[in-house]
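Following: one structure in C-alpha cells, then a few remarks.
The values are calculated or read from the model by the stated rules, or taken from the named source; none is laboratory data. Predicted, not measured: the structure shown is a model, and the values here were computed from it. All Cβ positions, even for glycine, are placed from backbone atoms using ideal geometry, and neighbour counts span all protein chains on display.
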C-alpha cells in the first residue's frame with residue numbers, strides 16, 4: 001500500500017490527535033515535539049567505525065506531548081501500543097521495552113547536573129517500527145528535546161544526540177554510533193548531512209533533484225539488532241583494527257585504514273574479518289565520492305554508489321537478506337530508479353530507492369506485484385521528503 005495523502009494534512013491530524021488525547025488523559029494543555037525518523041543515503045555501519053555517514057531527517061516522526069505534573073514521577077502513555085507506565089525521575093534501572101528509552105534519557109539529563117521535575121507524557125508517531133528509520137532515536141530525541149525546552153536546560157542539539165546515544169548503549173544494549181540521534185536532531189529540509197563520526201563535524205549536502213522522490217520499500221521482515229549481529233559486526237571490525245595496529249600503531253579505527261594497507265596484509269586475516277574490514281574501508285570512499293556526485297548534480301553517479309554499497313553490504317558485510325537483495329535487483333530493472341540499496345542495520349527493514357516522481361505509481365505497482373509473487377508478502381512503500389530536525393510543533 002502507498003499513501004499519497006499530502007504530508008501537511010497527515011502531520012496536522014497527528015498533532016491534533018495526540019494533543020486531544022493528552023487533554024483527555026491528563027486534563028491539561030501540553031506542548032508537542034516532533035522527532036523525525038531518518039534515512040541514510042549511503043554510508044552504512046561506518047558510524048561506529050569513526051567513519052562518514054550521509055543521513056537526512058524525513059517527514060515521519062515520533063511525537064511527544066508533555067507537561068509538568070508537580071511530582072517526582074514521569075507518567076507516560078504510548079498511544080501506538082495502548083500502554084501506560086510510570087517511573088521516578090531518579091530511577092536508573094533498565095526495564096523491558098520502549099520505556100527504557102525515556103528512563104535512559106531522564107537519567108543522563110540528570111547526570112549532567114541539571115534538575116528536572118516529574119512530567120506527564122504521551123508518545124505517538126508514524127515511523128514504522130523495525131523498518132530501519134530509527135524510531136528509537138526519534139523517541140529519544142523528541143523526549144530529550146521536550147525536557148530541554150520545558151525546563152530550559154540549555155543543551156545543544158549535539159549534546160542531546162549524545163544523551164540519546166548513551167541511552168541506547170547502556171539502557172537498551174545496542175552499541176550504536178551517533179548517526180541516528182544526530183540526524184533526527186540536525187535535519188535540514190532538502191539536504192542530507194555528511195557527518196564525520198569521529199570529530200562530529202558535519203556539512204549539509206544539497207539533495208536538489210525536484211524531479212525525484214525517495215521511496216522506502218518495507219520488506220515486512222522484522223529485525224532486532226540489540227545483542228545480535230549488529231554487535232558482532234562491531235567486534236569483528238575491532239578485531240581487524242587490532243591486527244592492523246601491529247603494523248600501523250597510529251591506526252585507531254577502520255576510518256584510518258587505506259585500501260592499500262588492508263590488501264598488503266590480507267594473508268594475516270581470517271577471511272570473514274577481511275571481508276568486514278574491506279567493506280568499511282570501501283564504503284567510506286564511496287560516501288565521499290557520492291557527496292561529490294551530489295554537489296555536481298550527478299544523480300546517476302550517486303545511484304551507482306548506492307548499488308555498489310548494497311553489493312558490499314550483502315556480499316562482504318553479510319547483513320542483507322534474500323528479501324532486500326530481491327528488492328534491489330528488481331529496482332535495477334525499473335528505468336525510473338536512479339539508485340537503490342538496503343538501508344539500516346540489516347536483516348530486514350527497508351530498501352531505499354531514488355525514483356522519478358512521475359513514476360512513483362508505476363514503481364510501486366511493479367515492486368508490490370513482484371515482491372508479493374516471490375514471497376507471498378505485500379510490502380509497504382513510503383514516499384519520503386527531507387525535512388527539518390526535531391522541533392516544537
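The lone criterion from (1) modelled with pLDDT under 95; (2) assigned by TED's automatic domain parsing to the domain that holds residue 103; (3) touching a strand residue (DSSP E or B) at 6+ places or on another chain (Cβ under 8 Å) left unmet by residue 16 is number (3).
Would it be correct to say that residue 217 is in a strand (DSSP E or B), in contact with a helix residue (DSSP H, G or I) (Cβ under 7 Å, 6 or more places away or on another chain) and touching a residue at least 60 places away in the same chain (Cβ under 8 Å)?
Numbers: in a strand (DSSP E or B): yes; in contact with a helix residue (DSSP H, G or I) (Cβ under 7 Å, 6 or more places away or on another chain): yes; touching a residue at least 60 places away in the same chain (Cβ under 8 Å): yes.
Yes: the conditions hold for residue 217.
Residue-level check: of (1) modelled with pLDDT under 95; (2) within 28 Å of residue 228 (Cβ to Cβ); (3) touching a helix residue (DSSP H, G or I) at 6+ places or on another chain (Cβ under 8 Å), residue 344 misses just (3).
The condition of being modelled with pLDDT of 95 or more and either farther than 21 Å from residue 319 by Cα or in the same structural domain as residue 370 (by TED's automatic domain parsing) (or both) holds for only one of 292, 229, that being 292.
Within region 303-320, if we keep just the residues that are in contact (Cβ under 8 Å) with a residue 60 or more places away in the chain and assigned to a helix (DSSP H, G or I), the residue that is surrounded by the fewest Cβ atoms within 10 Å (Cβ to Cβ) turns out to be 313. Of the residues contained in region 164-178, none is found to be closer than 17 Å to residue 388 by Cβ and touching a strand residue (DSSP E or B) at 6+ places or on another chain (Cβ under 9 Å). Of the residues screened, residue 392 is not one that is touching a strand residue (DSSP E or B) at 6+ places or on another chain (Cβ under 7 Å), crowded, with 18+ Cβ neighbours inside 10 Å and closer than 23 Å to residue 38 by Cβ. A count restricted to region 48-66 and to residues that are touching a residue at least 60 places away in the same chain (Cβ under 8 Å) and either outside the structural domain of residue 33 (by TED's automatic domain parsing) or assigned to a strand (DSSP E or B) (or both) stands at 13. Filtered by the rule that a residue be farther than 17 Å from residue 320 by Cα, in contact (Cβ under 8 Å) with a residue 60 or more places away in the chain and touching a helix residue (DSSP H, G or I) at 6+ places or on another chain (Cβ under 9 Å), region 347-379 gives 354, 355, 356, 363, 367, 377, 378. Selection of region 137-160 for residues being touching a helix residue (DSSP H, G or I) at 6+ places or on another chain (Cβ under 6 Å) and either on the phi > 0 side of the Ramachandran plot or surrounded by fewer than 24 Cβ atoms within 10 Å (Cβ to Cβ) (or both) yields 155, 157.
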